[in-house]
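Just so it is clear, none of the values below were taken in a lab; they were calculated from the coordinates. Model, not experiment: these values are computed from the prediction. For neighbour counting, all protein chains shown are included, and Cβ atoms are generated from backbone atoms with ideal geometry for every residue, glycine included.
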């Protein structure tokens, strides 16, 4: 009887549970098809400019009050720490980020559903120093740095002084080089001087000093005298770069993001302050003391001779017996050089193939260089962008020599009172530094030309600046 009562009670409770009313409400809402319009794919803005964008939001039924907005920008290295630019629909923000390429995002969120929509753009932030030509000049023995913005045409004088509270970059300027960021190696400008500091390493966005060359060595530089800085061998896309001081190279492994240079490589040599650079592999050098080629074929701190090979009857890389005047590159691993005899009475054109990593040297040719006024030439330039052409100058005149046809002649004459002291070439652009005795006050300046070979070689003037310094010492592109 007790068992039956328990069963009846359980059934009664189940019936009651089945009769409980469910008061829960299941909500559903149709999602709006929101479309963002009026946002371009690319924007360019200068530092301190106001970037204004007024997008349009296309929607069917969502209320404006239910939408919230967010503008932010990031780079590949800062995407988890993005810069918030605005929380308003219409963007109007003063650009203060460092120059560079950013991803710009406009995010629209429906607060009632949590669903968001995005418009993506590329934002290039630039300043006056983003793209142009860095000009290293000398005034009263001091180094001065200027910048030509090749986009706007604006010429900004004394940019280093402006970025460093009036401080000068040094004295007896030697060269200026710019190298862009690659992998973990930061972008820097290297201004070399022959003084107690040896030069300065500079921020390429602001031209503020990062450190002096004296403070750029793993082993602290000894002594307080003048550092006999002679040249810099750019890293290009390679494993190493070098600064040459008193004939000795100091290298660093840029592929390992070494910021400081290593001690000088030891050996009986005194290097010409340039290299036959091979890009991603190693570099070859010329020893002016022993008149021979050397290669940095390993990662160690030493230079080694080339293997003699089978073309020593043309050029023996270990006993060239000539003084180097200029070295140029024709194509990958193919080089040439202008050399002269010990008495400086005859100049020669040497062509050769060099592979420093493999220590191989193949001579192509060695011949007397019969070119107009070549013995008086004091400045040279060439480029693989215009291979097989050698440009050189004497006085006010610029000559061109075809390395293939072995002929040439005068290309330009800058006029009476002009003396050319430097030629530089990048691609098809020829840069010419000169002094002009006819100018009042400061005599220094430079001109750039675009060189074309269609229907004969011609030079078309692009930019000319003069009268801002005693002498232009070096010119380099910044991109």
Per-pair calculated FRET efficiency, R0 = 45 Å: residue 151 and residue 404 via Cβ, rounded to 0.05: 0.80
Kirkwood Rh and Cα Rg combined as Rg/Rh, segment 372-479: 0.96
Order of 233, 432, 126 - criterion: other Cβ atoms within 10 Å of each residue's Cβ, fewest first: 126, 233, 432
Per-pair calculated FRET efficiency, R0 = 41 Å: residue 60 and residue 256 via Cβ, rounded to 0.05: 0.10
Gain in span if fully extended, residue 76 to residue 343, counting 0.36 nm per residue against the direct Cα distance: 90.4 nm
Label-to-label distance, nm, for residues given as residue 298 and residue 88 (7 Å Cα→Cβ offset): 6.6 nm
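What Kirkwood radius, in Å to one decimal, follows from the Cα pairs of segment 35-126?
13.7 Å
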Relative exposure of 414, 239, judged by other C-beta atoms within 10 Å (fewest first): 414, 239
Segment residue 246-residue 48, extension gain: residue separation times 0.36 nm, minus the distance between their alpha carbons: 66.9 nm
Cα point-scatterer Debye curve for the chain, base-10 log of I(q)/I(0) at q = 0.06, 0.08, 0.11 Å⁻¹: -0.40, -0.61, -0.99
For the chain: relative contact order, % (alpha-carbon pairs under 8 angstrom, 6 or more apart): 8 percent
Helix-derived mean residue ellipticity, 222 nm - over the chain, DSSP H n ≥ 4, -39500 (n - 2.57), to 500: -1500 deg cm²/dmol
Computed label-point distance, nm, for sites residue 107 and residue 453 using a 7 Å Cα→Cβ extension: 5.3 nm
Sorted by Cβ density within 10 Å, fewest first, the residues 48, 195: 48, 195
Largest to smallest principal axis extent of the C-alpha atoms in segment 215-292, angstrom: 36, 33, 18
Calculated diffusion of segment 239-387, Stokes-Einstein form, Kirkwood radius summed over Cα pairs, 20 °C and 1.002 mPa s, µm²/s: 135 µm²/s
Stretchable slack from residue 41 to residue 438, in nm (0.36 nm times residue separation minus alpha-carbon distance): 137.8 nm
